[in-house]
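This report concerns only the one structure given below.
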Amino acid sequence: MPNDYVDMVITSPPYNVGGNNMTDCKYKEYSDNLSGEDYFKFIDEVINEMIRVTKNYVFFNIQILSANKLAMFEIIGKHKNNLKEILIWNKKMVAPAIEPGVLNSKFEFIFVFTKNNPHKRKFDYCFFEQGRLNNVIEGKNNSSNKWAKQHAAAFPDYFVRFFVKNFSKEKDIILDPFVGTGTVAFVSKMENRQFIGFDINKEYVEIANDRLRQESVLNFCSNETHNIK
């Protein structure tokens, strides 16, 4: 993909949850159990490429877990010169921790990366009124997404719409390189944006495209960019 090819990225990578039973309902064929070093290399390469291909902002959602904590803190340090803002997703109600002595994970991070004035908190390319938008997003977790049964890590629609409505305009191209069941693609089309999505799992690609067809928003056309692969 050429430099600055898309206008915005909205995505969430595998969290490296490790050896528990959560991966089967999220990633199918992918184990999501890398070493800390390998996970860092994987995420580092992904962030480098997303920043390269994006004109404006990369919204990168991640939850800090035992198996990814050191890697994510290292990522923050390495990419500090492109880290514009950190948002919090307050999921309100969450499942209890699976181990004793562990706090329930009620929030997740959204790291905002950019090449454009990353040292400033001001967003130059944005569409919200002064004083009307907070850096904390509040709402239900992915259980509010009816497609979460097919992929337990699916985004809620409102979460994606927050970024689409406030940081892009109609016809902008939005990329999700971990497309899953296609929530970013779906919301993008509903808001009259273009999208590009990728996933390594063919089943998820089929689910995402079926979802778009069922919702009557998919209209393949050779002169538009809105494919999931």
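The values are calculated or read from the model by the stated rules, or taken from the named source; none is laboratory data. All values derive from a computational prediction rather than experimental measurement. All Cβ positions, even for glycine, are placed from backbone atoms using ideal geometry, and neighbour counts span all protein chains on display.
From the set of residues in region 54-101 that are part of a helix (DSSP H, G or I) and touching a Pro at 6+ places or on another chain (Cβ under 7 Å), which is surrounded by the fewest Cβ atoms within 10 Å (Cβ to Cβ)?
ASN81
Which residue pairs have Cβ atoms under 8 Å apart, sit 6 or more places apart or on different chains, and have a first residue in region 200-229 that is at pLDDT below 55 and a second that is of a type in the set (A, V, I, L, M) and in a helix (DSSP H, G or I)?
VAL217/MET190; LEU218/LEU212; HIS226/ALA185
List pairs: first residue in region 76-102 and more than 19 Å from ASN56 (Cβ to Cβ) and in contact (Cβ under 8 Å) with a residue 60 or more places away in the chain, second residue in a strand (DSSP E or B) and among the β-branched types (Val, Ile, Thr) anywhere in the structure, Cβ distance under 6 angstrom, at least six positions apart or on different chains.
Note: pairs meeting the criteria are TRP89/ILE137.
Just to verify a result, which residue in region 59-71, among those that are in contact with a strand residue (DSSP E or B) (Cβ under 6 Å, 6 or more places away or on another chain) and of a type outside the set (Phe, Trp, Tyr), is farthest from GLU85 (Cα to Cα)?
The extreme case among them is GLN63.
With respect to VAL46, is the statement that it is closer than 13 Å to ASP176 by Cβ, modelled with pLDDT of 95 or more, part of a strand (DSSP E or B) and within 13 Å of the chain's Cα centre (by Cα) true? Before you say what the answer is, go through the steps one by one.
Details: closer than 13 Å to ASP176 by Cβ: yes; modelled with pLDDT of 95 or more: yes; part of a strand (DSSP E or B): no; within 13 Å of the chain's Cα centre (by Cα): yes.
The answer is no for VAL46.
For residues in region 1-19 being part of a loop (DSSP other than H, G, I, E, B), surrounded by 13 or more Cβ atoms within 10 Å (Cβ to Cβ) and not aliphatic (A, V, I, L, M), which is modelled with the lowest pLDDT?
Among residues in region 1-19 that are part of a loop (DSSP other than H, G, I, E, B), surrounded by 13 or more Cβ atoms within 10 Å (Cβ to Cβ) and not aliphatic (A, V, I, L, M), the one modelled with the lowest pLDDT is GLY18.
What are the pairs, 6+ residues apart or on separate chains, where a residue within region 162-177 that is touching a residue at least 24 places away in the same chain (Cβ under 8 Å) has its Cβ under 9 Å from a residue that is acidic (Asp, Glu) and assigned to a helix (DSSP H, G or I)?
Here the result reads PRO177/GLU49, each pair linking region 162-177 to a residue that is acidic (Asp, Glu) and assigned to a helix (DSSP H, G or I).
Results for (1) modelled with pLDDT of 95 or more; (2) surrounded by fewer than 24 Cβ atoms within 10 Å (Cβ to Cβ); (3) in contact with a strand residue (DSSP E or B) (Cβ under 8 Å, 6 or more places away or on another chain), shown as yes or no for each residue.
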| position | (1), (2), (3) |
| --- | --- |
| GLN150 | no, yes, no |
| ASP172 | yes, yes, yes |
| ARG193 | yes, yes, yes |
| PHE198 | no, yes, yes |
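Please identify the pairs in which a residue from region 119-135 that is without any contact (Cβ under 8 Å) to a residue 12 or more places away in the chain and closer than 25 Å to ILE173 by Cβ has its Cβ atom under 8 Å from the Cβ atom of a residue that is part of a loop (DSSP other than H, G, I, E, B) and among the polar types (S, T, N, Q), counting only partners at least 6 apart or on another chain.
Hits for this filter: ASP124/ASN116; ASP124/ASN117.
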